[in-house]
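The values are calculated or read from the model by the stated rules, or taken from the named source; none is laboratory data. This one's a predicted model, so the numbers in the text were calculated from it and none came from an experiment. Virtual Cβ from ideal backbone geometry, glycine too; neighbours counted across all protein chains shown. We work out accessible area using only protein heavy atoms, side chains counted, and drop any ligands, DNA or RNA first. Shrake-Rupley method; radii C 1.70, N 1.55, O 1.52, S 1.80 Å.
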Amino acid sequence: FIFSHPSDAKIQSRREAMAARMNFKLFQQAEASSPVRISGRIPADATSGDVSLTTTDGGSVTVQTSKLAAPLPAGAFVEVLGTKVGDASMDASSVVQLPTSSEVDVELWDEAVRMSQLPQLRQFFQPKL
């Protein structure tokens, strides 16, 4: 048998894919260099480059977009995966655009994120390996 060692990029990608969903409050509690997954709205006037994401609990995270193949969609509700680099900033590695902003119940989304952190419910929200 020949075993191959996954590249650092693949390992990082897997870490980020396993990241728990979080809101701004949980983001602030996460350690620097932690994989993060956070949702919110991109401003309608956003241009290419770093963008300020308004999170589901009203916080603001600067999303560094240099690793993304395309700019973040202006005015969209998105889920961003990446790595925390500061108290209110992250380096994005991928973005999922969700239904139009008017179709997303932000309060319900945030409540689900908070519920996913409750010890008695956490098992239902964590990915299975």
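With all protein chains in place and a 1.4 Å probe, the accessible surface of segment 23-129 carries 53 percent carbon and sulfur. Shown here for segment 24-129: GluC sites (Glu not before Pro) in loop regions (DSSP other than H, G, I, E, B) with at most 11 other Cβ atoms within 10 Å, namely Glu31. Sequence-ordered 3J(HN,Hα) estimates for segment 20-29 from the Karplus curve with 6.51, -1.76 and 1.60 and θ = phi - 60° stand at 6, 5, 8, 9, 5, 4, 5, 4, 5, 7 Hz, glycine and proline given as x.
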